[in-house]
Amino acid sequence: MVDIGRLHINDKVMHFCAYLALSFLPVIGFRDRRRGIVAGLSMFLLGVLMEAGQHFSPGRAVELGDVLANGAGVSCGALLGLPIRACIAIL
């Protein structure tokens with residue numbers, strides 16, 4: 001695992017946080033609940049494809065840990081977005 005920059009944040013934490021945001025925003029932002037959930041969960045596919053693309057990029061390596069961190073972030077973002085979406089709908 002690699003630390004990023006001077007903040008010494010593990011790259012798996014960065015993957016988790018990025019994909020949490022990428023899945024959270026469509027879940028709360030789409031008017032149609034189902035489309036929001038599908039768009040949010042599709043971010044996992046984006047993460048898998050981007051990780052696979054690193055195979056063709058010099059100096060980069062494909063890591064299963066990154067894919068797992070992406071998936072965990074997507075899952076948590078979608079699950080966090082659903083109750084927040086319900087709260088926003090009440091307002």
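The values are calculated or read from the model by the stated rules, or taken from the named source; none is laboratory data. Quantities reported herein were computed from a predicted structural model and do not represent experimental measurements. A quick note on method: Cβ atoms are made from the backbone with ideal geometry, for glycine too, and the neighbour counts reach across all protein chains shown.
Numbers at a glance
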read-out: Residues within region 58-84 that are of a type in the set (Val, Ile, Thr) and in a loop (DSSP other than H, G, I, E, B), tallied; value: 1
read-out: Ser23 being modelled with pLDDT of 95 or more and either at negative phi or in contact with a Phe, Trp or Tyr (Cβ under 6 Å, 6 or more places away or on another chain) (or both); value: yes
read-out: Selection from region 1-52 of residues that are acidic (Asp, Glu) and loosely packed, with under 14 Cβ neighbours inside 10 Å; value: Asp3, Asp32
read-out: Residues satisfying the stated conditions in region 53-66, i.e. in contact with a helix residue (DSSP H, G or I) (Cβ under 8 Å, 6 or more places away or on another chain) and surrounded by fewer than 18 Cβ atoms within 10 Å (Cβ to Cβ); value: Arg60, Ala61, Val62, Glu63, Gly65
